[in-house]
Structures are given as structure tokens and as C-alpha cells.
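Q: Pasting in a structure now, in C-alpha cells, and then I'll have a few things to ask.
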Amino acid sequence: MGGLITLALYDAPLAAVVAVLVAMSAAGFAAAERVDASTASWLRSGATVPALLAVLSALPSDVMTTIVLGLATASCLYLMRRTDLTGDVACAAFTAAFGGLVWAAGEVASVPQVDRAVPILLVLGGMAVWRPDPVLETSAAIVGVIASVGAVAAAVDTPTALALHLTLAGALVTSSSLIHPTRRFLVWPGGLLLAMATWVRLADLGVTVPEAYTLPSALVLVAVGSWRLRREDGTPTVRLLGAGLSLATVPSLLVVLDDPASLRALLLGMSCLALVLAGVALRWTAPLVVGGVVGGLLVLRELAPYAAQLPSWVVIGLSGTLLLVVGVTWESRMRDIRTAGRYVTSLR
């Protein structure tokens, strides 16, 4: 510390100041390896201060920043082998130091900013896949998002850069879910990232057909749900297939409501009929309900123009007749409703 104060009194070169700070930090971490645990914790905490000051002092020079962050990255990588709190702190510090190292090295080598986030994603994401530690995964995700935002913001072709980074992130997250049984839940955010990358590319190409955005994801959801149906006999189909079938039909229905006389309406109607028949044949609730509800709304939309052209007295007469028939056969209709409810409840 005395040497640092002495340097502050003179017009010392930046490299000398940074070198003293790095030496102080290295001495503190080295001493922590030769003492007991409680003393080592205090020494590492004290050695962190000159390390941060070294990084801050080196910021005016890209070369010095690269060197200091390189040393910090190597030190954190060495400390990551520990299984205590020090190892967790080193994991988080490593991701930040490595991200800064790549960015600073890119400045020195005149690498375009749009290309700097890719190695950060690959290295940190690969380490998170290789070592599924929550601290490493969380810090790697944060640094990856920050680097990707900076790269995409500096890109000339923003959609292409955004799709590239989303694809890389989705592939890494999905890989972790496939490799590690404890990370199976990551398949959903990984799939969402890959779907978003596809949507960005489709939008960039000028594709406006909604099925191009929804059907691939819907097919994946239905495939995963069907796979789980074979493994879990008692799980309701609404829970496993409802989301996929709804995503496959509802967006098309919303378009058909504005354009009922179209090929899309015909194909949607045939699909709903197929879902209803499949639900009855397999005794599955999800395809029967989704096909019936979407198909029923489609039929009402198709009949609406014809109903609007009928004379008002015909509409009133038909409505009165319908109410009269329902009132006369009320008990029978209620029995039919209860029977239909029991049938749907008995389905899987």
C-alpha cells in the first residue's frame, strides 16, 4: 500500500500503477492459499479491492485493460475449483472477466462489435453445459445477454445478428436440457429461443402467414405431449396436448374470422373435423374439445353472412320456435347435457 501511495505523489506511468495493484492482489490471493480458512477469507476479500482498482485504472488503455482482465480471468478460473463460497464468487467473477476480456481484446484487434458476442456465448455457454452449476449458469446468461445486446445494437443487419445470437443461445440451453437430467426444464426456454430466432428470420423475409410462425412450435409441443402420453398413462390429454393443439388452430381461426371464404377456412374446418374424429376414436379430451370449439366458432362465422340476409321475421320465428322446443323438451335436453358431460369427463 505504501508503494501505491508513493506512486500517487508522482506523475507515474499508468502501467506502473496497474502493475502495483496487480502485484498487491496477486500477493493477497497467494497468501490466502497458505493460511487457515477464516484468515484466507479475509485475505481474499482484501485482495479483491486492488484487483478491482487495477481494472478501473487500466480502462483508459485497451491494451492494459486486456492484460488485466486476462490475469483476472486466469485467477478466477483457478479459484473455481473450490467448492465453498469462494468458488461461487469466482464463477460469477470469471464470466464477467471473460466477457470484458473478449470485448477489450476485440477493441485492440479492431474486431467489429457485432462479432464479439459469439465467442462469449460459445465459451460461457459451453462451460455452463459442461458444468451445470446454478451460479455459473446464471452469471453466464447475464453476461451473454449483455454482450448479445451490445453486438446486435452495433449490427448493420440487425435481424440477421439477432437471429444468430438467439439461435446460439437456444442451441446451448437446449443442449444442457438434453445432456443433464436435472436440467430438463430448460428445454422450454431453449425451444422458445429457437422459435424466436425463426420468427425473426421470417419477419425479415417478409413472411406474414401466421401458420409459418405458429405451426412449427405447435408440432413440437404436440410431439412432446404425445411422447409423454406414452410414458404417463394417467395424465390428462388437455394438459399434454391442449397447448399445442390450441397454438395450431386458434391463430388460423383469428385470421379466418376476417376472411371466412378462403382456402385457409376450408383447411381449418377439415382439421377440426379430423381432431374431433380422432378424439372420439382415441377417447382423448384435448382433440375433441379443441376441434369442437374451434370448428363450432368457424361454422358460426361461415353462417353469419347468410343469417344477416334473412328477413327479421324469419329470425324471430326461428328463435321463438327454438325456445319453444327447448322449453318443451327441457328435462330431456338436461339429461343429454349431463350425459355429454359424463362422456367428456370419462375421456382421457
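The values are calculated or read from the model by the stated rules, or taken from the named source; none is laboratory data. The shown structure was predicted, so the numbers you read here are calculated from the model rather than taken from an experiment. Positions of Cβ are generated from backbone atoms using ideal geometry, with glycine treated the same way; all protein chains shown enter the neighbour counts. The protein model used for the area step is the full one, side chains on, heavy atoms only, and it has no ligands, DNA or RNA in it. Shrake-Rupley method; radii C 1.70, N 1.55, O 1.52, S 1.80 Å.
Q: Do we have Trp103 as open to solvent by 30 Å² or more (accessible area, probe 1.4 Å), of a type in the set (A, V, I, L, M, F, W, C), closer than 23 Å to Ala151 by Cβ and at pLDDT 90 or above here? Lay out the reasoning, then the answer.
A: On the way: open to solvent by 30 Å² or more (accessible area, probe 1.4 Å): yes; of a type in the set (A, V, I, L, M, F, W, C): yes; closer than 23 Å to Ala151 by Cβ: yes; at pLDDT 90 or above: yes.
Spelling it out, Trp103 is indeed open to solvent by 30 Å² or more (accessible area, probe 1.4 Å), of a type in the set (A, V, I, L, M, F, W, C), closer than 23 Å to Ala151 by Cβ and at pLDDT 90 or above.
Q: Report, by residue number, each residue of segment 209-246 that is in a loop (DSSP other than H, G, I, E, B) and at pLDDT below 85. Give the steps one after another, and end with the answer.
A: Going residue by residue through segment 209-246, those that are in a loop (DSSP other than H, G, I, E, B) are 209, 232-236.
Glu232, Asp233, Gly234, Thr235, Pro236 - these are the residues of segment 209-246 that are in a loop (DSSP other than H, G, I, E, B) and at pLDDT below 85.
Yes or no, residue by residue, for (1) open to solvent by 50 Å² or more (accessible area, probe 1.4 Å); (2) under 26 Å from Glu107 (Cα atoms); (3) within 15 Å of the chain's Cα centre (by Cα):
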| residue | (1), (2), (3) |
| --- | --- |
| Ala140 | no, yes, yes |
| Ser148 | no, yes, yes |
| Val152 | no, yes, no |
| Ala155 | no, yes, no |
| Thr160 | yes, yes, no |
| Ser175 | no, no, yes |
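Q: Out of all the residues in segment 188-213, which are of a type in the set (Val, Ile, Thr) and open to solvent by 60 Å² or more (accessible area, probe 1.4 Å)? Spell out the reasoning first.
A: Taking segment 188-213 as the starting set, the residues that turn out to be of a type in the set (Val, Ile, Thr) are 198, 200, 207-209.
Thr198, Thr208, Val209 - these are the residues of segment 188-213 that are of a type in the set (Val, Ile, Thr) and open to solvent by 60 Å² or more (accessible area, probe 1.4 Å).
Q: Tally up the residues in segment 106-134 that are crowded, with 16+ Cβ neighbours inside 10 Å and either of a type in the set (A, V, I, L, M) or assigned to a helix (DSSP H, G or I) (or both), please.
A: So the count comes out to 14.
Q: Can I ask one more? Taking helices (runs of 4 or more DSSP H) that do not extend beyond segment 248-336, which have at least 2 residues that are at pLDDT 85 or above?
A: 263-282, 285-309
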